[in-house]
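Have a look at the structure below, then the notes.
The values are calculated or read from the model by the stated rules, or taken from the named source; none is laboratory data. Since we're looking at a predicted model, the values are computed, not measured. Note: ideal-geometry Cβ built from the backbone for every residue, glycine included; neighbour counts use all protein chains shown. Just so you know, the surface numbers come from the protein's heavy atoms only, side chains and all, with ligands and any DNA or RNA stripped out. Shrake-Rupley method; radii C 1.70, N 1.55, O 1.52, S 1.80 Å.
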Amino acid sequence: MKKVLTGLQPSGELTLGNYIGAIRQILKYQEEYESFIFVADMHAITVPQDPIKLRENIRSLLAIYLACGVDPKKNTIFLQSENVYHANVSWILECLTPYGELGRMTQFKDKKEKNANFGAGLLTYPVLMASDILLYDIDYVPVGRDQKQHVELARNIAERVNKKYGDIFKVPEPLIPTEGAKIADLVDPTKKMSKSSENPKGVIYLLDDERIIRKKIMSATTDSETRVVFDPENKPGISNLINIYTSLSNLSIKDIEEKYKDSNYGSFKSDVADIIINTLIPIQERYYKLLENNEIDKILDEGLKKTSTIAKEKYESLKEKVGLHR
Ligand code: AMP
Ligand code: TRP
C-alpha cells in the first residue's frame with residue numbers, strides 16, 4: 001500500500017474552512033493509504049511560542065483531529081519531538097544541503113521579514129521537514145500550495161543523497177488535494193475564511209457553540225435580492241452559504257437552489273446554521289471527552305513505538321553510509 005504522511009502545525013483554532021478543505025481530505029486518505037500523521041511541534045518553535053500555550057495547542061490539535069474522525073487504528077499518529085531521529089537525520093541532511101538553496105525558499109523569505117531576530121531554525125526548517133518525510137519511505141505528501149516548494153526540496157535532498165551514497169531514500173511526491181470548495185469569510189465573502197482573520201464574526205471556529213454559530217450565520221453578509229441562487233461572481237455571500245450547505249450535506253448545488261426557490265434568506269440561513277451545528281456539536285462532544293481521558297497519550301505512545309523502530313533503522317543506515325561509526 002502507498003504511504004502518505006501529513007504534518008500538522010499546532011497553531012491557533014481551526015475553522016470550518018479547515019474542516020471542509022483539509023481535515024476531510026485526511027479522512028479520505030486513511031481509507032486509501034497507509035497513513036502517518038504527526039504534530040510538527042519542532043517546526044512550531046521556529047517562531048516564538050509560549051510554552052504553556054504550545055503544550056495546550058498540541059493536545060487540542062490532536063483531540064480535534066481525532067474528534068473529526070481521524071482513526072487511530074488506520075493512522076500512525078505521533079509527536080515529532082518525541083521521536084529523536086527526526087532531528088538527528090535533519091542534522092546530517094543539513095550538512096548535505098547547500099545554504100543557498102534554503103535561502104531561496106519563499107516561506108523563509110516571508111517569515112524572516114516578519115521577525116527581525118529570527119533564529120537559524122527558520123532557515124533549516126525545510127530540512128527537518130524533509131527528514132520527517134524521508135524517514136518513512138513516504139510516497140505522497142498532501143500539502144497546500146505554500147508547502148509544495150518544501151516537498152520539492154525534500155525530493156532534491158533525497159535524490160542528491162541517493163546519488164552520493166546509494167539508494168537510501170524513497171523520492172516523495174507532493175499530493176495537491178483535488179480542488180474542494182473554498183469557504184469564504186462570512187462578513188467579507190470575497191476573502192477566504194481564515195483562522196488569522198481580524199474579525200471573528202466572519203469565521204466559524206470548530207469549537208464555537210451553537211448560539212454563536214447561529215448568530216454568525218444569521219448575520220452573514222448577503223445581497224439585496226432574495227433569491228437563493230449560486231452565482232459566486234454577483235452573489236458571493238449566498239454562494240458561500242450554498243457551498244457550506246452542499247459540503248456538509250448530500251444535496252448538490254442544484255438540489256439546494258430547487259429546495260429554496262420559494263424561500264427567503266432568513267429561512268435558508270437558519271437551515272445552514274442547523275447543518276453546521278449538527279456537524280460540529282458531535283465533534284465538540286468527542287473533543288471535550290478526549291481532553292479528559294488518557295486516550296491521546298495511549299495513541300501517542302503507540303505511535304512513538306512504531307515510528308521510532310522504523311526511524312532508527314533509517315537513521316542507522318544513513319549514519320553508516322556517511323561514515324559516522326566506529
Ligand atoms: P491554513 O489554516 O490557512 O494554514 O490552511 C490549512 C489548510 O486548510 C489549507 O491547505 C486548506 O486546504 C484548508 N483551508 C484553510 N482555510 C480554508 C477555507 N477557507 N476553505 C477551504 N479550505 C481551507
Ligand atoms: N511545514 C508544514 C506546515 O507548515 C508542516 C510539516 C512539517 C509537514 N513537517 C512536514 C507537512 C512533513 C508535511 C510533511 O504546514
task: Hey, could you check region 106-137 for residues that are surrounded by 13 or more Cβ atoms within 10 Å (Cβ to Cβ) and of a type in the set (Lys, Arg) and say which is farthest from ligand 1 (Cβ to nearest atom)?
output: Lys112
statement: Subset of region 148-157, residues within 12 Å of ligand 2 (Cβ to nearest atom) and either surrounded by fewer than 18 Cβ atoms within 10 Å (Cβ to Cβ) or touching a residue at least 40 places away in the same chain (Cβ under 8 Å) (or both), comes to Lys148, Gln149, His150, Leu153
- prompt: Do we find a residue being surrounded by fewer than 14 Cβ atoms within 10 Å (Cβ to Cβ) and in contact (Cβ under 8 Å) with a residue 60 or more places away in the chain anywhere in region 184-194?
  reply: no
task: Only residues that are aliphatic (A, V, I, L, M) and over 16 Å from the mean Cα position of the chain (by Cα): list them for region 43-83, please.
output: Ile45, Val47, Ile52, Leu54
- prompt: Given the conditions (1) more than 20 Å from Thr246 (Cα to Cα); (2) under 13 Å from the mean Cα position of the chain (by Cα); (3) crowded, with 20+ Cβ neighbours inside 10 Å, and given that Val4 satisfies all but one, which numbered condition is not satisfied?
  reply: (2)
- request: Any residue in region 99-128 that's within 22 Å of Val89 (Cα to Cα) and in a helix (DSSP H, G or I): show its pairings with residues that are open to solvent by 40 Å² or more (accessible area, probe 1.4 Å) and not β-branched (Val, Ile, Thr) at Cβ separation under 6 Å, as long as the two are six or more apart or on different chains.
  value: Leu122/Lys111; Thr124/Glu94; Val127/Glu94
Selection count, region 162-190, where residues are assigned to a loop (DSSP other than H, G, I, E, B) and within 22 Å of Ile138 (Cβ to Cβ): 10
field: Residues that are open to solvent by less than 70 Å² (accessible area, probe 1.4 Å), of a type outside the set (Gly, Ala, Ser) and without any contact (Cβ under 8 Å) to a residue 60 or more places away in the chain, drawn from region 241-254
entry: Leu241, Ile242, Tyr245, Leu251, Ile253
message: Being within 25 Å of Tyr315 (Cα to Cα), open to solvent by 40 Å² or more (accessible area, probe 1.4 Å), among the basic types (Lys, Arg) and touching a residue at least 40 places away in the same chain (Cβ under 8 Å) is the requirement here; does Arg160 meet it?
response: yes
- prompt: Before we move on, is Asn88 in contact with a Phe, Trp or Tyr (Cβ under 6 Å, 6 or more places away or on another chain), in a helix (DSSP H, G or I) and of a type outside the set (A, V, I, L, M, F, W, C)?
  reply: yes
task: Looking only at region 125-146, decide whether some residue is under 19 Å from Ile310 (Cβ atoms) and either of a type in the set (Phe, Trp, Tyr) or modelled with pLDDT under 95 (or both).
output: yes
task: Of the numbered conditions (1) within 15 Å of ligand 2 (Cβ to nearest atom); (2) within 22 Å of Lys114 (Cα to Cα), Ser35 fails exactly one; give the number of that condition.
output: (2)
